[in-house]
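The structure under discussion appears below in the form of structure tokens.
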Amino acid sequence: MVDTGLTTEMITPHLEHILGIQETEMKISGLGAGGASLRTLVPLKGVSLCCGTFADKNQQELKLPGDLAAVVVDFPQKHMDPAHDVEGMLGMEALSLFDVDLDFPAGRIRFWKPGTAAKNAAQKAGMVEIPAVVINESGLYGIRVVNAVPSSPSLQQGQQPVLGLIDCGSAFSAVNWAAAGYLGLPTKSDWKKQYANAPAVSALGIDGRPIMLPTRKTQLSFVGDAREDPSTGVLSFEAPPSNWKQWDPVQLAVGDLPVFRDLLGDGKTPFLGPASLIGLDILSQRRVILETGGTRQRRLWVSST
């Protein structure tokens, strides 16, 4: 399973046994939607991606550079599809070795040499560049998210974007309660009145614990970098280009997922500010390319329509 919302790689105890991996005493805290959990860390040597189409027709597999490590955990996602046993997850430690091309309409994942996907694919396909950033040491990508159809004129005039984590390992998108007000959604104080009869979804983290969240049909978009008006000194955010079509509306889950608290905290104090998670319900609508690089600033490309 490929998961851009996962900090490192994961394998099941069953796969660890099959590969004959010797366990170490090293422990690591792996982060997923369900939050952080302390697990055994084992080395993965000589890892390759196989069974694809390569530039060299005689090539049978793509050997990943360097040695990776994996957290050993019996995650519930391995049972999601009865036709396929999911014995491992590829997180951002491995994915950041490439420019990752998630071509959902074509049903393809392509791995480009770092820094080459923009010229060879994104620009040729007329994809829109979305400014992104790497979130602390996690390797996860974040963008600035806004409500494409604000509920009030005041929000339309000067929207405050919230951080959106790019997570293709999540079936749905979500926002925490602190972000709800910024996106023009009912806040936690209006819980019983506004969300009483709303559809709900169950979030399942790597620890297998379900979290029930109410939903609100919402259409999201993005904004670019901050810009200062030279005459007034007012700061605003760059609007999307004119050829950008907003993502289709989704049933956006609302609630305080542990991933927001743990990932964006400092290890001692939990993060309580606004944040959101952009899942497959949004990402799978278009082709998405995550460009890697040597700095925290990144570029993320999405098909315009």
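The values are calculated or read from the model by the stated rules, or taken from the named source; none is laboratory data. None of these values were measured; they are calculated from a predicted model. Cβ coordinates were reconstructed from backbone atoms using ideal geometry, including for glycine residues, and neighbour counts include every protein chain displayed.
Evaluate the range 68-86: report whether one residue or more is hydrophobic (A, V, I, L, M, F, W, C), out of contact with any Ser or Thr (no Cβ under 7 Å at 6 or more places or on another chain) and either without any contact (Cβ under 8 Å) to a residue 24 or more places away in the chain or on the phi > 0 side of the Ramachandran plot (or both). Yes - at least one qualifying residue is present in the range 68-86. Within the range 241-269, if we keep just the residues that are among the polar types (S, T, N, Q) and part of a loop (DSSP other than H, G, I, E, B), the residue that is surrounded by the most Cβ atoms within 10 Å (Cβ to Cβ) turns out to be Gln246.
Tally up the residues in the range 122-163 that are in a helix (DSSP H, G or I) and modelled with pLDDT of 80 or more, please. Full working, then the answer.
Step one: filter the range 122-163 for residues in a helix (DSSP H, G or I), giving 122, 136-138, 153-157.
So of that shortlist, the ones also modelled with pLDDT of 80 or more come out as 122, 136, 138.
Result for the range 122-163: 3.
With Val73, Val86, Val100 as the choices, which residue is out of contact with any Leu (no Cβ under 8 Å at 6 or more places or on another chain) and crowded, with 17+ Cβ neighbours inside 10 Å? Just a single option satisfies the conditions, and that option is Val73. Among the residues of the range 213-237 satisfying the criterion of being touching a residue at least 60 places away in the same chain (Cβ under 8 Å) and outside any strand (DSSP E or B), which is nearest to Gln123 (Cα to Cα)? Looking at residues that are touching a residue at least 60 places away in the same chain (Cβ under 8 Å) and outside any strand (DSSP E or B), I get Gly224.
All conditions but one from (1) in contact with a strand residue (DSSP E or B) (Cβ under 6 Å, 6 or more places away or on another chain); (2) free of Cβ contacts under 8 Å to residues at least 12 places away in the same chain; (3) closer than 21 Å to Met127 by Cα apply to Ser242; the one that does not is (1). Among the numbered conditions (1) over 30 Å from Asn120 (Cβ atoms); (2) at pLDDT 90 or above; (3) not in a loop (DSSP other than H, G, I, E, B), the only one that Asp281 does not meet is (1).
Selection within the range 1-60: residues that are surrounded by fewer than 12 Cβ atoms within 10 Å (Cβ to Cβ) and either closer than 30 Å to Asn176 by Cβ or among the aliphatic types (A, V, I, L, M) (or both). The member of this set that is modelled with the highest pLDDT is Ile18.
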